[in-house]
Structures are given as structure tokens and as C-alpha cells.
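Here is the structure we will look at.
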Amino acid sequence: MKALYLAGDGAFIRYIEIPGEDPPLLWLHGWQCSSTGELLGAAIQPALHGRRSLLIDLLGHGYSDKPRDFAYSIEAHAATIAALIDELEIPDCGLVGHSMGGGIAVHVAAARPRVVSLLIMAEAAITPDPGATEGAEADFVESGFATLIAEQAREAIASPQSIRAAHLEMTRLIEPRALHRERVSMDSGTQPPTRSLLDGLAIPRWYLIGEMTDPEDIEADIRSMGVGWKVVPGAGHPMALQNPAGFAETIAEAVAASWGG
């Protein structure tokens, strides 16, 4: 585990580094998750052996600090990852972002075009999802978060071998304000819009979707932007937990097609 102090935010962001060959892959997790919990199992698979990886817990999640006054928007998270890239003096890297992390990765790539040379988005949140936010932040912090955890705990106990059981502690570790503000940010969209930034990127870009996920007619739109399309076998949205080996193999294919090797 490593830590980097973000002076502008007054908080430590933490990550696990897997040594290996550069350029590194920077992994960004989804909503209600952490990279150290959700994505580590994929990053250590044989298909990615020898590739340097940084599994980053966004502020408010996992092992990173949980400042109450942080914006927790897609743009704010992207700024912290850009700051990490700058502070670590990374000259070249690829981004692997799942769900919310995929949307964040698009903004990081747009902010650091001379550094980010590969973008891999796993069922990324690239368009707004209006109406998904329920209730006010104060209500969620006071009681909604506890209700969410209780519901997830019941599901986990009822099915102790399920993804929910594996996922529960990741949710427990999140700052409640982060969950609510992130949901609001994804609902309302970003400025500039994530999709327009993605369309304007000139680097290799890949969109990964789980074999068990309904594509919702997005494939044509993704391909229209020149983004590669790959299907992760034996998995739905939580692909890194359902099939870490298949997820890693699909990422390795994208890396080989983009960086060679």
C-alpha cells in the first residue's frame, strides 16, 4: 500500500502498486467499490503478469482518506488522478476504468493527453442517468446509508457465496457523502460532457461489456466514435469479481492491440 498526499484536497489518496513493465495501467473502480477490493483480483491474473499496475482507491473509498468537504464529482475525482500522475511523474500510462471509474478515466485522459496513451472502459458511465438519485444528501447520510448497508447485509447473509457477500465490505468503507454526491454527478452529467470528451480523444480506446449484460443498443454509438468493442465472457456488470481471469484476458488483448507485445 502506498499513499500520496494531495495538498489541494488536504487528503491522502492510497493505492497498491504491482511492479512490472511500463507503461503502467492505472485502475479506477466503480461506484460503491474500491480498486483494492474490486479490481485487484483481475490485475494479478496471469494474462497481465509482468505489467506494472496502480490500483487506486478514489477519495472517499477503500483505504483512501474520506474528507467531508470534497466534491466527489466525476470532474473532482479526475482532478485527483491527474494530480497523482503529475506527482508521481508518470510519463506514459493506460487507464482501466470500471463503471463510474470509466467515466472518470475519460476526463483524466482528456486532461493529460500527452501522458495517457490507452483508455480501457469497462461498462463505463459516459452518459447522464437522470432520476437515479433518491432523496437529499442529509437524509442519506443520516439514515439512507445505514438502510443501504442493512439491505446489502441481508442479501449477503442469504447468499454467502454471492457477489453481494464479496462486495458488502467495500460499500461499508465508503464515506456516505461520497456515494450521494457521486450519484448526483452521474445523474446530472459533466461539463464538458463525458461522451464528447471520449469522442475527441485520439488515443486507442476500448469499451468492454460483460457477456451477460444487456448492451442496450450502445454498441453502434460506441463504434461510431472509433472505440473498440470487446465482450468479457462469463460476466455481467461486476466483471472483475465474477470472472477476474476473463476480465484480465480481455484487458491484455486490448493492451497488446494498442501497445504491442
So ILE44 ticks every box in (1) surrounded by fewer than 20 Cβ atoms within 10 Å (Cβ to Cβ); (2) more than 22 Å from HIS237 (Cβ to Cβ) but one. Which box is left unticked? (2)
Going through region 184-226 one residue at a time, which ones are in contact (Cβ under 8 Å) with a residue 40 or more places away in the chain and within 20 Å of GLY246 (Cβ to Cβ)? TRP206, TYR207, LEU208, ILE209, GLY210, THR213
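When only residues in region 86-133 that are of a type in the set (Asp, Glu) and within 22 Å of GLN191 (Cα to Cα) count, which is surrounded by the fewest Cβ atoms within 10 Å (Cβ to Cβ)?
ASP129
For residues that are outside any loop (DSSP other than H, G, I, E, B) and among the charged types (D, E, K, R), scanning just region 211-228, find the one that is surrounded by the fewest Cβ atoms within 10 Å (Cβ to Cβ). Before the answer, list the steps.
Keep residues of region 211-228 that are outside any loop (DSSP other than H, G, I, E, B), which gives 219-224, 228.
Now narrow it down to the ones that are among the charged types (D, E, K, R): 219, 221, 223.
Values: GLU219: 14, ASP221: 15, ARG223: 12.
That would be ARG223.
Would you mind finding the one in THR190, THR250 that is among the polar types (S, T, N, Q), under 17 Å from the mean Cα position of the chain (by Cα) and more than 26 Å from GLY60 (Cβ to Cβ)?
THR250
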Selection count, region 229-259, where residues are aliphatic (A, V, I, L, M), surrounded by fewer than 24 Cβ atoms within 10 Å (Cβ to Cβ) and more than 13 Å from GLY41 (Cβ to Cβ): 6
Would you confirm, using the coordinates I've provided, whether ASP57 is closer than 21 Å to ARG172 by Cα and not aromatic (Phe, Trp, Tyr)? yes
Can you name the residue in region 134-148 that is surrounded by 15 or more Cβ atoms within 10 Å (Cβ to Cβ) and of a type in the set (A, V, I, L, M) and, of all such residues, is nearest to the chain's Cα centre (by Cα)? LEU148
Report yes if MET186 is under 20 Å from TYR207 (Cα atoms), outside any helix (DSSP H, G or I) and not β-branched (Val, Ile, Thr), otherwise no. no
Quick check, is ILE163 touching a residue at least 40 places away in the same chain (Cβ under 8 Å) and within 22 Å of the chain's Cα centre (by Cα)? yes
Close pairs from region 100-117: first in contact (Cβ under 8 Å) with a residue 40 or more places away in the chain, partner among the acidic types (Asp, Glu) and surrounded by fewer than 18 Cβ atoms within 10 Å (Cβ to Cβ), Cβ under 8 Å, at least 6 apart: HIS107/GLU75; SER117/ASP92
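Values quoted throughout were computed directly from the atomic coordinates according to the rules given, and no laboratory measurement underlies them. Note that the structure is a prediction, hence the values are computed from the model and not measured. Neighbour counts are summed over all protein chains in view; Cβ atoms, including those assigned to glycine, are modelled from backbone coordinates with ideal geometry.
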